Structure formats: structure tokens, C-alpha cells
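Worksheet: one structure, shown below.
Please treat every number below as a calculation from the coordinates, not as lab data. Fair warning: this is a prediction, and the values are worked out from it, not measured in the lab. Neighbour counts run over all protein chains shown; Cβ positions are idealised from the backbone, glycine included.
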């Protein structure tokens with residue numbers, strides 16, 4: 001029995017806890033039906049109506065966290081009240097260290113073949129009592145432009161978040177992807193918010209950053225498709241806290257095409273969470289980030305026995321254990337990046353989860 005197997009055995013013997021996974025998306029609820037983890041090969045033996053779902057890590061050095069489950073088309077979801085927590089916050093790395101890492105990455109781009117790298121930082125939030133995970137998930141699911149998710153990582157640790165980014169979705173031979181790269185914080189004033197959107201649409205830096213991701217996805221999916229198209233131009237999409245550049249890619253899979261799970265593994269990690277070229281970016285990430293990503297910037301999603309399913313990039317998320325939540329946020333760094341602006345972007349990306357936790361970012365401007 002592995003260490004992780006022991007963790008899950010202890011969970012089953014302990015007090016009641018949320019299901020090992022739960023997803024909320026567009027009025028549907030995907031939920032686990034078993035407390036025993038399964039491996040990637042389980043998808044080949046699924047019965048009609050069954051799915052496997054969970055989380056894939058950022059790097060293969062961590063195991064996938066998958067369970068059997070089912071889809072509830074019209075779930076009966078209660079909306080528990082979130083307790084009024086008191087919080088202690090600490091960032092890793094601190095803002096000044098993050099700025100220094102961005103400066104070093106930009107300097108490396110001027111002296112090597114590195115073209116883009118995504119650098120993340122974390123925010124450790126400690127509450128005065130255990131965090132109510134079902135209530136947190138319900139609050140995150142209120143954003144209709146995001147997929148809310150909760151996945152058990154170990155006996156006491158859960159990955160929870162609300163991601164706006166679709167890595168890949170298949171239904172029959174239809175395939176879709178909606179990559180996001182290039183972001184700006186939203187503004188409280190309506191006119192200022194429209195100005196921010198237009199600024200993002202015109203940003204040479206952000207359009208350049210976005211193009212890396214679209215090219216990677218098109219190049220990776222093309223050999224498995226009879227038709228694959230990306231629209232001319234780049235659109236914007238928004239969550240409650242951020243504007244993003246996005247491209248809606250769609251196509252037709254070959255008759256013997258891979259499953260949604262296999263496609264997710266082929267695509268991941270995209271330049272939206274890693275960089276270009278991948279190996280050089282990964283080296284910078286490992287040297288620059290003091291906290292391992294684990295399941296942040298991995299994938300969360302599901303796949304059924306026919307291969308149909310949807311996998312999302314696990315951003316806007318936190319690892320929660322008891323009263324501790326470690327939030328993650330990253331920014332895409334290219335040669336034109338301004339370090340202070342990238343720091344501000346990560347701060348804004350923390351905002352959605354902090355608000356869901358009842359910890360308003362305006363009270364903690366120094367993060």
C-alpha cells in the first residue's frame with residue numbers, strides 16, 4: 001500500500017467529508033460515486049453512464065487523482081452560508097521577490113531561446129476555523145463563465161477552484177478548445193472596465209503571448225482531426241475579476257481519434273501555464289518558484305467510456321486543508337513584460353477565490 005493509498009484508507013475510516021470530486025458547470029453536477037481512487041486505464045472499463053473524473057498534475061512526478069462518478073443533469077444543490085472567517089495572509093514569494101524573478105526571466109529571454117514563461121506565486125490564507133468546502137464550491141459556482149471544481153488530493157487536502165479555461169472537450173467526433181492567455185483586471189467603474197477590455201484587445205504584448213498558446217493547440221490537435229479551425233482575430237471573455245484574450249478552436253476528430261483524456265495529456269502543459277519552448281520554461285519555473293505547483297496549472301475534468309469528456313486548466317484554484325488554503329496565481333512573461341504589471345495581475349487573479357472565501361482583496365492591498 002502506497003502512502004497515498006493509506007491517506008485515502010484513513011479518510012474512509014474517518015468523519016464524513018465531501019465526495020472525492022464534484023464539478024459544477026452550466027446547471028450540471030458531476031459527482032463521484034465511489035471513494036476508491038482509480039488509475040488512468042479505468043476509462044477503458046467504464047459502464048454506460050459512468051465517468052472517471054478528477055485532477056491531473058502540472059508535472060508527471062505527481063499521480064493523477066481520479067474516481068468513478070456520474071453526471072446529474074438537474075442537480076438539487078443547496079446553498080450553505082459561508083462562515084464569517086478571520087484571516088491571516090502570507091504570500092510566497094513576496095511581491096519584491098516575484099518582481100525580481102520576472103526581471104530575471106525577461107533578461108534570460110534576451111540572451112537565450114526562451115520566448116515565454118508563466119511564473120506563479122502563492123498566497124497562504126489561514127482561517128480561524130476549518131474551511132467549509134461545500135459552501136466554498138457553491139460560491140465559486142456562482143460565476144457562470146467558470147467551471148467550479150472540488151477534487152480530493154489526499155486524506156486532508158482538496159483542490160478547489162473555478163476555472164474559465166477549457167483545455168479540450170469532445171462529444172462524438174466534435175472537438176473544442178478555448179485557450180486563454182493575456183489578461184487584465186476588471187474595473188468597478190463600467191466605463192473604466194470597457195476601457196480595460198479595449199486595452200487588452202489592442203495589447204501587442206498580450207496578443208503575442210496568446211498566439212503561442214493557439215499555435216501549440218492547433219499543432220497538437222491537427223494530426224488527430226479531419227478539420228480544425230481557429231477564427232481570425234482574438235476575442236475577449238471575462239470572469240467576475242478578470243478580462244482574458246480567448247480563441248474558440250473547433251474541429252472534427254478522426255474516426256479513431258484519441259479520447260478526451262488522451263487529448264488532455266497530449267496538450268498539457270500548454271504555453272498558457274508553462275511557456276515556450278517548454279523545456280526551457282519548465283527549467284525557469286523550477287528555479288524561480290519557491291512553492292511546487294503540484295496540481296495547480298494541471299487539468300481537472302472527466303471522461304466517459306466512449307472517450308467523450310471535458311478537461312479544464314486548473315487555474316484560479318487553491319489547495320485547502322483544514323483551516324489553511326494555499327491560493328495560486330500566475331502571469332505569462334514575455335520579453336515586453338513589465339514586472340510590476342505582472343505582479344498586479346497575480347494579485348487580481350487571487351481576488352476571485354479570496355472573495356469566495358469572504359476575504360476581500362481591498363482590505364489586503366499588500367498581497
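Distance between the pseudo-spin-label points of residue 199 and residue 145 (7 Å out from Cα toward the beta carbon): 1.6 nm.
Listing 209, 215 from the residue with the fewest other Cβ atoms within 10 Å to the one with the most, what is the order? Walk me through the numbers on the way to the answer.
Numbers: 209 27, 215 13.
Exposure proxy ranking, most exposed first: 215, 209.
Multiplying the sequence separation of residue 248 and residue 219 by 0.36 nm and subtracting their Cα-Cα distance, what value in nm do you get?
On the way: separation 29, 0.36 × 29 = 10.44 nm, distance 1.49 nm.
This chain segment gains 8.9 nm when fully extended.
Among 70, 81, 109, the order by Cβ neighbours within 10 angstrom, fewest to most, reads 81, 70, 109.
Under a GNM of the chain (C-alpha, springs under 10 Å), which listed residue has the highest mean-square fluctuation: 120, 264, 135? Greatest mean-square fluctuation among the candidates belongs to 135. Here the Gaussian network model covers the chain, with springs between Cα atoms less than 10 Å apart; of 180, 46, 200, 46 fluctuates the most.
If the chain linking residue 42 and residue 128 were pulled fully straight, counting 0.36 nm for each residue of separation and taking away their Cα-Cα distance, it would gain 27.0 nm.
Rounded, prolate or oblate: which one fits the stretch 24-169, using the alpha carbon gyration tensor with axes a ≥ b ≥ c (rounded when a/c is under 1.5, else prolate when a/b beats b/c, else oblate)?
It is oblate, given that a/c is not under 1.5 and a/b is not larger than b/c.
The GNM of the chain, with springs linking C-alpha atoms under 10 angstrom apart, assigns the highest mean-square fluctuation among 284, 204, 102 to 204. Taking other C-beta atoms within 10 Å as the exposure proxy, 168, 213 rank 213, 168 from fewest upward. The shape of the stretch 217-367 comes out prolate: with a ≥ b ≥ c from the C-alpha gyration tensor, a/c is at least 1.5 and a/b beats b/c.
Of interest is the spacing of the C-alpha centroids, which for the stretch 113-161 and the stretch 261-312 amounts to 16 Å.
Per the helix-only calculation at 222 nm, which mean residue ellipticity applies to the chain, given -39500 (n - 2.57) for every DSSP H run of n ≥ 4 and division by its residues, nearest 500 deg cm²/dmol? Kindly include the intermediate steps, with their values, before the conclusion.
Details: 8 runs with 103 residues, N = 367.
The helix contribution divided over the chain gives -9000 deg cm²/dmol.
Using a cutoff of 8 angstrom between alpha carbon atoms and counting only pairs six or more residues apart, the relative contact order for the chain works out to 25 percent. For the stretch 52-143, the relative contact order comes to 31 percent (Cα pairs under 8 Å, sequence separation of at least 6).
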